[in-house]
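The values are calculated or read from the model by the stated rules, or taken from the named source; none is laboratory data. Keep in mind the model is a prediction, meaning the values are calculated, not measured. Positions of Cβ are backbone-derived with ideal geometry, glycine not excepted, and every protein chain shown enters the neighbour counts. Keep in mind that these areas ignore ligands, DNA and RNA; they rest on the heavy atoms of the full protein, side chains included. Shrake-Rupley method; radii C 1.70, N 1.55, O 1.52, S 1.80 Å.
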Amino acid sequence: DVVNYFFQTSLGFRPPQINEAYRLQKKQNVSDLDSEKLTMIEIGTTFNLENLNGSLSVYKSKKRNSIFRDSENFVIDNGKTNHKGVELTLDINISERSNLISNFTYGDHKYDFNSDTSMQEKIRIGNEIDTSPKLMANLILNTSVTDNLSFAFELERMDSYFTDAANLHEYEGHTLLHFRSDLSYSEKLTFYLRVDNLSDKDYAERADFNAYGGDRYFPGLPRETYVGFEYSL
């Protein structure tokens, strides 16, 4: 059995884009923008035990000089946000032929400033950052029925999230089920089958809201079936 621990601190930055730095609005004489800066502290562990492998980490970070457009449509850089969360990965051996894999991310992402934006949204300290779900997770069951036949079921979950910075509109989130299988017909020939969104659920890859267009959804794919084979010469 092996267990390791780690601690790290990091600093990142993003310079202003050209259209942020040089595309001025009426009544705006200069756009003096600083780079967005992100500082992060992370602590965690990785482990490799008899029937269980995985990792666990906890992080906390803060972003300063976040660039956005205010209510006068000026590009300014006085935004601040706070972030903290937990990330967990697990690989559990259930039996000689089956294992269970899980990836779990829980995050708390919030604004740390007050402002009105160009989209008529009122950002207030403590508002959750829009389009940032708290929970994202998946669960995969892999099973080998025989030496030549295996299949896997994957359950994928995205939690609900606010679609506007004022936290007045929300996307409910979604849960999807996927299936994969492969059959080794011979040493040279293998067949594959994959079905995404097995229940043919309607969902959005991403959703947002603005005062001018209302709710906006980027729909995900309906049920998709893929069949393939591989032949080795």
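Have a look at D147, D130 and point out the one that is in contact with a strand residue (DSSP E or B) (Cβ under 9 Å, 6 or more places away or on another chain) and closer than 30 Å to D91 by Cβ.
The unique qualifying residue is D147.
Out of the residues in segment 41-82 that are acidic (D, E) and over 30 Å from S118 (Cα atoms), which is most open to solvent (accessible area, probe 1.4 Å)?
Only one residue fits best here, namely E50.
Among the residues of segment 125-152, which ones are without any contact (Cβ under 8 Å) to a residue 60 or more places away in the chain, under 15 Å from G79 (Cα atoms), surrounded by 15 or more Cβ atoms within 10 Å (Cβ to Cβ) and of a type outside the set (V, I, T)?
Within segment 125-152, the subset without any contact (Cβ under 8 Å) to a residue 60 or more places away in the chain is 125-129, 132-152.
Checking the rest, the ones that are also under 15 Å from G79 (Cα atoms) come to 125-129.
Those still in the list that are surrounded by 15 or more Cβ atoms within 10 Å (Cβ to Cβ) too: 127-129.
Across segment 125-152, the qualifying residues are N127, E128.
Checking the structure you have, find out if any residue of segment 106-124 is touching a Leu at 6+ places or on another chain (Cβ under 8 Å), surrounded by 15 or more Cβ atoms within 10 Å (Cβ to Cβ) and of a type in the set (S, T, Y).
Yes, segment 106-124 contains at least one residue that is touching a Leu at 6+ places or on another chain (Cβ under 8 Å), surrounded by 15 or more Cβ atoms within 10 Å (Cβ to Cβ) and of a type in the set (S, T, Y).
Which residue is farthest from Q8 (Cα to Cα), if the candidates are limited to segment 33-84 and must be modelled with pLDDT of 95 or more and of a type in the set (V, I, T)?
By that ranking, first place goes to T81.
Go through (1) part of a strand (DSSP E or B); (2) acidic (D, E); (3) touching a Phe, Trp or Tyr at 6+ places or on another chain (Cβ under 9 Å) for E156 and report which single condition fails.
The failed condition is (3).
Going residue by residue through segment 88-108, is there one that turns out to be of a type in the set (S, T, N, Q) and closer than 30 Å to P16 by Cα?
Among the residues of segment 88-108, at least one is of a type in the set (S, T, N, Q) and closer than 30 Å to P16 by Cα, which makes the answer yes.
Determine whether R180 is open to solvent by 80 Å² or more (accessible area, probe 1.4 Å), at pLDDT below 95 and either in contact with an Asp or Glu (Cβ under 9 Å, 6 or more places away or on another chain) or under 28 Å from E121 (Cβ atoms) (or both).
Considered against the rule, which asks whether it is open to solvent by 80 Å² or more (accessible area, probe 1.4 Å), at pLDDT below 95 and either in contact with an Asp or Glu (Cβ under 9 Å, 6 or more places away or on another chain) or under 28 Å from E121 (Cβ atoms) (or both), R180 comes out as no.
Of the numbered conditions (1) within 30 Å of N78 (Cα to Cα); (2) part of a loop (DSSP other than H, G, I, E, B), D108 satisfies every one except a single condition; which is it?
If we test D108 against (1) within 30 Å of N78 (Cα to Cα); (2) part of a loop (DSSP other than H, G, I, E, B), just (2) comes out false.
Please verify whether segment 14-32 includes one or more residues that are of a type in the set (S, T, Y) and either closer than 30 Å to N138 by Cβ or at pLDDT 90 or above (or both).
no
Mind listing whichever residues of segment 195-212 are in contact with an Asp or Glu (Cβ under 9 Å, 6 or more places away or on another chain), outside any loop (DSSP other than H, G, I, E, B), free of Cβ contacts under 8 Å to residues at least 40 places away in the same chain and not charged (D, E, K, R)?
Passing the criteria: only V195.
Do we have S186 as farther than 25 Å from F153 by Cα and over 25 Å from the mean Cα position of the chain (by Cα) here?
On the way: farther than 25 Å from F153 by Cα: no; over 25 Å from the mean Cα position of the chain (by Cα): yes.
Here the answer is no, as S186 does not meet what is asked.
Just for segment 200-233: of the residues that are within 22 Å of the chain's Cα centre (by Cα) and of a type in the set (S, T, Y), which one is surrounded by the fewest Cβ atoms within 10 Å (Cβ to Cβ)?
Here the residue is Y217.
Check Y161, Y171, Y192 and return the single one that is surrounded by 17 or more Cβ atoms within 10 Å (Cβ to Cβ), of a type in the set (F, W, Y) and in contact with a Gly (Cβ under 9 Å, 6 or more places away or on another chain).
On the way: Y171 fails: in contact with a Gly (Cβ under 9 Å, 6 or more places away or on another chain); Y192 fails: surrounded by 17 or more Cβ atoms within 10 Å (Cβ to Cβ).
Residue meeting the stated conditions: Y161.
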